[in-house]
1. Neighbour counts of other C-beta atoms within 10 Å: give me His120, His252 arranged from fewest to most.
2. Report, in degrees rounded to the nearest 10, the 0 to 90 angle that the Cα long axis of helix 320-338 makes with the longest principal axis of the chain.
3. What does the extension gain come out to for His142 and Arg360, with contour length at 0.36 nm per residue minus their alpha carbon separation?
4. For the residues Asp200, Asp72, Asp78, Asp89, what sequence is obtained by ranking on other C-beta atoms within 10 Å, fewest first?
5. Along each principal axis of its Cα atoms, how long is segment 127-230 end to end? Whole angstroms, biggest number first, please.
6. Running a GNM on the chain with Cα contacts under 10 Å, which residue among Gly46, Gly85, Gly347 ends up with the highest mean-square fluctuation?
7. Using just the alpha carbons, could you tell me how many Å³ per residue the convex hull of segment 137-380 encloses?
8. Give the total of Lys-Lys pairs in the chain with Cα-Cα distances below 24 Å; include a pair only if its members are 8 or more places apart or on different chains.
Amino acid sequence: MIRLPRVAALAPVALAACLLAACGDAELKTSTAAGSGQLAFKLTGGGCSPVRATARAGPVTIAATNRTDVADELELVDADETVLGEREDIVPGESAALTLTLQPGRYAVYCGFQSGQRTHGTLTVTGKAVVAHGTTPDALDHAVEEYKEYVEHESAQLVTGTAAFVAALKAGQLQKAKDLFGPTRVHYETIEPIAERFGDLDPEIDARANDVADRARWSGFHRIEQILWVKGTTAGTERYADKLLADVKTLHARIPGIELQAAQVANGAVGLLDEVSSSKITGEEDRYSHTDLADFQANLTGSREAFETLAPVLRATGEQRLVAQVERQFAAVQAGLDRYRRDTPLGFALYTELTKRDRRAFAQQLAALTEPLSQVAGKLVGQG
């Protein structure tokens, strides 16, 4: 989830503000040959440290250590405002990384989400253009295309589900709209890392109340959720409903044109688990309806689908042990979640049934899954 509207990724004024803030003023460079870049950033109260970094074109691993006292995020954005990768819920004192094959150009590294600074550092990538898929391009191209087919299917289901949800809202069918809310949203949650690539759409569709600077502009699923559960009516949802349907149709129309690296698919799989850790098992996501466990399942399903498209390539390159470890941990998380399946339109218990012990157990299972899964992107580009 992109927490606040983004300023222009490489706007000179924003960059100057970051350079003058407490972002750190050192410049970070990779001294390695193209294809083996390692960069380390710190998330500070003032944003990114350092504010300038340089790497050679090719595989680059960006690691971030959280030096603040709240969970925070890292996000890499290109000059066209496309989100190339992110890591969420980096807890204080811990580190997280994402790996991508980067072409020559300038990129923004955003930090300071939770501190409200939203400052960014700049990453300049030098050298010549490189092939994104390394030593197994055909197999990885196939994996990416397979994943894109999955994403397009889910986005089509999202459009269909949203149309039915909107129809119920406009007909004043309160209970039907409530019953459709969770099952409709799951199709968004399975592909959220792809939706987040379009920075303007994700906040419009999925922002929560605290994610927007101007509450008057708050829209999307959670704006409607608040009206349905807090006010107990469909009245007042009409304009939000029309906008929501238009936005998900726009998302569906944009998806066929996206360009993806296999490493981005892998990073997205991790990102979906970060989403669970940061909002689903805390109850923050669906705070009015308490339908968080259906979102949890959707994130888990989307993550597993992404991983499974890449698993054949990993096995072919000798990573059978890693594949087995990830599969085992996916099964463990799923087994825990299956305990909360219910014969209801949502398909799951409400979040309010979770105990502190349950949340702690899920957090431990997710950590055990995220650790090996986060290695996959590096393996695919030769950084692991």
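Derivation of every value follows stated rules applied to the coordinates shown; laboratory data play no part. Computed from a prediction, not measured in an experiment: that's the story for all the values here. FYI the Cβ positions are ideal-geometry reconstructions off the backbone, even for glycines, and counts take in every protein chain you see.
1. His252, His120
2. The helix 320-338 is inclined about 20 degrees to the chain.
3. Here the segment from His142 to Arg360 would lengthen by 74.7 nm.
4. Numbers: Asp200 12, Asp72 25, Asp78 17, Asp89 21.
In order of increasing Cβ crowding within 10 Å: Asp200, Asp78, Asp89, Asp72.
5. That gives 55, 30, 15 Å along the principal axes, largest extent first.
6. Between Gly46, Gly85, Gly347, it is Gly347 that shows the largest mean-square fluctuation.
7. Looking at segment 137-380, the number lands at 115 Å³ per residue.
8. Step by step, the pairs that qualify in the chain add up to 22.
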